[in-house]
Amino acid sequence: MPRTLTIATLGLLFSALAIGADYDVVIRGGRVIDGTGNPAFFADVAIKDGRIARVGRVEGSGEREIDAKGKVVTPGFIDVHTHAENIARIPRAENFVRMGVTSIVIGNCGGSESDLAAFFNRIDKKVAINVASLIGHNTIRRAAMGGNFDRQPTAEELEKMRGMVEQAMKDGAVGLSTGLIYLPGTYSKTDEIVELAKVASRFDGIYASHMRSEGAGIFNAIEELMRVAREANIRAQISHIKLSGNAMWGRATEVLELIERARAEGLDITQDQYMYTASSTSMSTLIPSSAREGTLEEFRKRIGDPTWKAKLIEDMKRNLKNTGRDSYAYAVVANYSKDRSYNGKNVPTLAKEKYGSDSLDSQIELVLDMHVNGGASGVFHGMSEDDLTRFLSHPNTMIASDSGVREPGEAMPHPRGYGNSARAISRYTRELGVLRLEDAVRRMTSLPASAFRLAHRGLIHEGYWADLLVFDPATFGDLATYDKPHQYATGLDWMLVNGVVVVDRGEQNGALPGRALRHAAASR
Ligand SMILES: [Zn+2]
């Protein structure tokens, strides 16, 4: 037989075999960390029609065979605290993909899409990873209360907000979020939140809160969250748990004790955390929210009044002192669109450049000037590693990035968007030994899936969706730093989302199998 014919025959034979394969994909010989927190075990994992078909010794063949010898196989990571609404515009979401995230929850800190049905339709099967969403309190309060927010809603406005939460839950939201340091939610009283949380509770949603304080007022803030959980009969999540400002450092144990007392009372309170001692939000949060009420135009007018401005400066100095600081050196500009040369520099450095002085008055002048000119995002170095590891040691702490989809090279964002979940393994498992690998995986898989009711996700069990990772636990890790944030995590060999390969031998292949994860209650 001519040689060419032999090769052609073999080719035909192989395609015939592929058509007759028992499974779509078989991952062979890996160490399976199934997401429960139980010890790893050796097994093959077979996938068919998007789901995990078999875990154990797999005799049949896969159309695609993945050799996982020397690697671990885990469920894809679930990142419950993100601000990645921009996935609609950047569907590859490579920063999430490369750090092992296969599902995200958006709509956090009170800000969400207002029409979730439309948003879900826009992204379903058109993005790389799965997306669930909360409905944001600030979003609906703004829509229901017109332009004037420093007040309680009328009965009619509250009814309108209730209706919006109900519609969002019917459209598949996984719960309600608040951002109580942000406008306009900061003006709401607890009663308003309880009323809205009751609606989310009827649909088995969760209440996730960026609390009123993460510094001196944190104990009162947790009491408020407990009241919402108790009176609305709802699961509650403390978003990005932390202790901000040196004045509060060392009190993580007290915070955890308060949460434990609440749990002993029967309240289902959990928390998430990112793996960094710096936070990130708008630089304008350095200015008291009461001073920022209304439009930017109104703020510009008020700041022209010397008496009003002098009082504001006094307030800012007092607030700073209350956090145990005497300078804004901890605050670094991440993105100031008016002048990108600011990005990556801290407030005193910029004050010196702009005004020739880094006095506190010049620093405040700079903060106000950026706000007047459209605002900036910032990175704030305000936590202690000791508190971070204490929070991380608690078994109910999930690991979540607080990030959006990143665009390589764009501004100087917090590195968490590129590294967070990988860092949980490289730094807090491998280097510092705060968590066992199996436990770190549980905090990013079955724990968040259970708290946010993401059905059939977060475990390597037969019948579950095949969101899977294959990586070498000795090399998987984060590279992004504060100085060089635009670096993908390294060491992820394979990722499957809904059974479809998204990362193939370390490279993202452009597949977009991600789905809208509508809350199970929505289809009832
Ligand atoms: Zn937040």
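The values are calculated or read from the model by the stated rules, or taken from the named source; none is laboratory data. The shown structure was predicted, so the numbers you read here are calculated from the model rather than taken from an experiment. Cβ coordinates were reconstructed from backbone atoms using ideal geometry, including for glycine residues, and neighbour counts include every protein chain displayed. When the accessible area is computed, the model is the full protein with side chains, heavy atoms only, and any ligands, DNA or RNA have been set aside. Shrake-Rupley method; radii C 1.70, N 1.55, O 1.52, S 1.80 Å.
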Run Phe471 past the list (1) surrounded by fewer than 24 Cβ atoms within 10 Å (Cβ to Cβ); (2) modelled with pLDDT of 95 or more; (3) over 29 Å from Ser177 (Cβ atoms) and report the number of the one that doesn't hold. (1)
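Yes/no matrix, rows are residues, columns are (1) among the hydrophobic types (A, V, I, L, M, F, W, C); (2) within 16 Å of the ligand (Cβ to nearest atom); (3) touching a Lys or Arg at 6+ places or on another chain (Cβ under 8 Å):
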| position | (1), (2), (3) |
| --- | --- |
| Arg325 | no, no, no |
| Tyr330 | no, no, no |
| Val347 | yes, no, no |
| Glu365 | no, no, no |
| Met370 | yes, no, yes |
| Phe380 | yes, yes, no |
| Met383 | yes, yes, yes |
| Ser401 | no, yes, yes |
Given the condition under 30 Å from Glu298 (Cβ atoms) and assigned to a loop (DSSP other than H, G, I, E, B), answer yes or no: does some residue in the stretch 359-369 qualify? yes
Total residues in the stretch 346-368, condition free of Cβ contacts under 8 Å to residues at least 60 places away in the same chain, crowded, with 16+ Cβ neighbours inside 10 Å and more than 30 Å from Gly250 (Cβ to Cβ): 6
Within the stretch 160-197, the residues that are within 22 Å of the chain's Cα centre (by Cα), away from the ligand (no atom under 16 Å from the Cβ) and part of a helix (DSSP H, G or I) are Val165, Ala168, Met169, Ala197
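Quick grid of which residues meet (1) assigned to a helix (DSSP H, G or I); (2) open to solvent by 30 Å² or more (accessible area, probe 1.4 Å); (3) of a type in the set (Gly, Ala, Ser); (4) closer than 30 Å to Asp483 by Cβ:
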{"site": "Ala291", "(1), (2), (3), (4)": "yes, no, yes, no"}
{"site": "Gly294", "(1), (2), (3), (4)": "no, yes, yes, no"}
{"site": "Arg302", "(1), (2), (3), (4)": "yes, yes, no, no"}
{"site": "Trp308", "(1), (2), (3), (4)": "yes, yes, no, no"}
{"site": "Glu314", "(1), (2), (3), (4)": "yes, yes, no, no"}
{"site": "Asn319", "(1), (2), (3), (4)": "yes, yes, no, yes"}
Name every residue in the stretch 86-125 that is crowded, with 24+ Cβ neighbours inside 10 Å and of a type in the set (Gly, Ala, Ser), in order of residue number. Ala93, Gly100, Ser103, Gly107, Gly110, Ser112
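Residue by residue, here is whether (1) of a type outside the set (Ser, Thr, Tyr); (2) touching a Gly at 6+ places or on another chain (Cβ under 9 Å); (3) open to solvent by 40 Å² or more (accessible area, probe 1.4 Å) holds:
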{"residue": "Asp34", "(1), (2), (3)": "yes, no, no"}
{"residue": "Pro39", "(1), (2), (3)": "yes, no, yes"}
{"residue": "Arg51", "(1), (2), (3)": "yes, yes, yes"}
{"residue": "Val55", "(1), (2), (3)": "yes, no, no"}
{"residue": "Ser61", "(1), (2), (3)": "no, yes, yes"}
{"residue": "Thr74", "(1), (2), (3)": "no, yes, no"}
{"residue": "Ala84", "(1), (2), (3)": "yes, yes, no"}
What residue, among those in the stretch 245-279 that are polar (S, T, N, Q) and surrounded by fewer than 21 Cβ atoms within 10 Å (Cβ to Cβ), is farthest from Leu183 (Cα to Cα)? Thr253
Which numbered condition Gly217 fails, given (1) touching a residue at least 24 places away in the same chain (Cβ under 8 Å); (2) open to solvent by less than 50 Å² (accessible area, probe 1.4 Å); (3) within 16 Å of the ligand (Cβ to nearest atom): (1)
Say whether the condition of being of a type outside the set (D, E, K, R), more than 16 Å from the ligand (Cβ to nearest atom), touching a Ser or Thr at 6+ places or on another chain (Cβ under 7 Å) and open to solvent by 10 Å² or more (accessible area, probe 1.4 Å) is met by at least one residue in the stretch 221-233. yes
Residues of the stretch 193-209 satisfying the condition of being on the phi < 0 side of the Ramachandran plot, in contact (Cβ under 8 Å) with a residue 40 or more places away in the chain and open to solvent by 10 Å² or more (accessible area, probe 1.4 Å): Phe203
Suppose we filter the stretch 162-177 for residues that are among the basic types (Lys, Arg) and under 13 Å from Val105 (Cβ atoms); how many remain? 0
Can you name the residue in the stretch 380-435 that is in a helix (DSSP H, G or I) and acidic (Asp, Glu) and is also least open to solvent (accessible area, probe 1.4 Å) among such residues? Asp387
Tell me, yes or no, whether the stretch 106-125 has at least one residue that is in contact (Cβ under 8 Å) with a residue 60 or more places away in the chain, under 27 Å from Gln271 (Cα atoms) and assigned to a strand (DSSP E or B). no
Filter the stretch 126-140 for residues that are part of a helix (DSSP H, G or I) and within 16 Å of the ligand (Cβ to nearest atom); which is surrounded by the most Cβ atoms within 10 Å (Cβ to Cβ)? His137
